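Worksheet: the structure to be examined is printed underneath.
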Amino acid sequence: MGRAYLTIDDGPSEITDKILDYLFGIGITPILFFVGTQVELNYSQAINAVKRGAVIGNHSYSHADFNKLTESECIVEIEKQEIILEKLYHDAGAERTYKIFRFPYGHRGGANEARLQEFLYYKKFNRKIQYKWYIEGGYSYAMDVYWTFDFREYLLKTEKDFTLDTIKDSINASTDPVANGLLLPNTYNIVLMHDFVTTNQVLEDYYKILIEYTRKNGVEYIKPCFLTRNHVPISC
């Protein structure tokens, strides 16, 4: 059986509560990388996510492409969202155990990448996923949290030839041991999904369909306890 951490980007949205109802109903604790502008629009959903025990990560304030920003603009995007997340946890009456960051689009800043990694280190973002596969795959050098498998379900709303079958084909094709295939036994993955109302309009309950399909094919979604706090491993 393969094991995976479920991460969901770009929320919160009007359907975040429904997504969480489903996930917590089957025992999955997700990692939600929130965008600041979305938190401002859907604050009650964001509060609910924190109170229910989802792990909330920083996904920048406006989801800008960091490869197209100056270093100072990138830092503003991160710090502005940090202020929002600190307030969010305070208002929810919860401790912020994890301080994690994911770059929008996975774009780490282009020519500014090294300096942004230093900034994340200086600001004590969590790092070092404690698994051999993550290190050997080249993921561990960075302070941000990347992913190993992307459903890309957001393309359902923009690409005519991209269908549910396309996603299922990519899941079934993900059996390469070098790439830590999603369906291979004794593997770990960080799975990426997105929180979009527009995707749900194209394929209702898409999150449920995809999670159930992967679980049926042997993927176990496990509690996120793989990070470190101030570089010391956090135990579940």
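The values are calculated or read from the model by the stated rules, or taken from the named source; none is laboratory data. Just so it is clear, the model here is predicted, and its values are computed rather than measured. Using ideal geometry, Cβ is built from the backbone for each residue, glycine included, and neighbour counts are taken over all protein chains shown.
Annotations for the structure displayed:
- Scanning the range 169-227 for residues that are in contact with a Lys or Arg (Cβ under 7 Å, 6 or more places away or on another chain), exposed (fewer than 15 other Cβ atoms within 10 Å of the Cβ) and either at pLDDT below 95 or not in a helix (DSSP H, G or I) (or both) returns a single hit, Glu220.
- Any hit, the range 4-17, residues being free of Cβ contacts under 8 Å to residues at least 60 places away in the same chain and surrounded by fewer than 18 Cβ atoms within 10 Å (Cβ to Cβ): yes
- For the range 46-53, the criterion of being at pLDDT 95 or above, within 15 Å of the chain's Cα centre (by Cα) and of a type in the set (S, T, N, Q) is satisfied by no residue at all.
- When Tyr134, Tyr121, Tyr61 are screened for being over 30 Å from Glu212 (Cβ atoms) and at pLDDT below 95, only Tyr121 passes.
- Among the candidates Glu82, Glu73, the residue that is in a helix (DSSP H, G or I), of a type outside the set (Gly, Ala, Ser), at pLDDT 95 or above and exposed (fewer than 15 other Cβ atoms within 10 Å of the Cβ) is uniquely Glu73.
- Here the range 89-116 is the region considered, the condition is being aromatic (Phe, Trp, Tyr) and part of a helix (DSSP H, G or I), and the residue that is farthest from the chain's Cα centre (by Cα) is Tyr89.
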